[in-house]
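Take a look at the structure set out below.
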Amino acid sequence: MDSNREIALLSIINNALIELNLKNTGYQPAMSNNGKKIAFTKEIDGKSQIYIRDLITGEESVLPLGNVNAYYPSWSNDDELIAYSAEQVSIENKAPTNRDIYYYDVITGKSERITTSPNDEFDPVWSFGDKKILVYCKTEGEFHS
């Protein structure tokens, strides 16, 4: 691999890196629990979006999340939902707002906002059983998890 940022698979059996041909395009990868897909953040034209790549077919698609900058995808244990953080982009001044937590339903293609607080919430992780989501929360300059 060259010095560019890229996503690769690491085999824990022989420590081999398997390139996925995602050079300089993706970051914050999250592998589905069945190991067949990855979700990752990709920035295009100044907008951060979440993509899903099928590791078997190589097909890649962007999640239709609207006018947001989206980050930190996290697969639910059953691989049916992807939690992520996103900031709305104001149309008036194009300034981002604080990040909230959303989830995207891979089956229905719908997204739902989970948090609406004035805090900055990001980096969601699903609990076993998908009943809770652990997040980082920034309030008054301090981080909480």
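In the stretch 106-119, the residues that are under 12 Å from L63 (Cα atoms) reach residues that are assigned to a strand (DSSP E or B) and aromatic (F, W, Y) with C-beta atoms within less than 8 angstrom, at least six apart or across chains, in these pairs: K110/Y104; S111/Y102; S111/Y103; S111/Y104.
How many residues does the stretch 100-131 hold that are of a type in the set (K, R) and modelled with pLDDT under 90?
As a first pass, look at the stretch 100-131 and keep what is of a type in the set (K, R): 110, 113, 131.
Okay, now just the ones that are also modelled with pLDDT under 90, so 131.
The qualifying residues number 1.
Within the stretch 52-69, being within 13 Å of G26 (Cβ to Cβ) and crowded, with 20+ Cβ neighbours inside 10 Å holds for I52, R53. The number of residues in the stretch 104-124 being surrounded by 12 or more Cβ atoms within 10 Å (Cβ to Cβ), over 19 Å from N67 (Cβ atoms) and aliphatic (A, V, I, L, M) comes to 1.
Taking the options L9, L55, L17, L81, name whichever one is modelled with pLDDT of 95 or more and of a type outside the set (S, T, N, Q).
Numbers: L9 fails: modelled with pLDDT of 95 or more; L55 fails: modelled with pLDDT of 95 or more; L17 fails: modelled with pLDDT of 95 or more.
Going through L9, L55, L17, L81 in turn, the sole match is L81.
Residues in the stretch 34-86 that are of a type outside the set (D, E, K, R), more than 14 Å from the chain's Cα centre (by Cα) and not in a loop (DSSP other than H, G, I, E, B): 1 in all. Of everything in the stretch 33-51 that is of a type in the set (G, A, S) and touching a residue at least 12 places away in the same chain (Cβ under 8 Å), the residue that is surrounded by the most Cβ atoms within 10 Å (Cβ to Cβ) is A39.
The values are calculated or read from the model by the stated rules, or taken from the named source; none is laboratory data. This is a predicted model, so every value here is computed, not measured. Because the Cβ atoms are built from the backbone with ideal geometry, glycine has one as well, and the counts that use them run over all protein chains shown.
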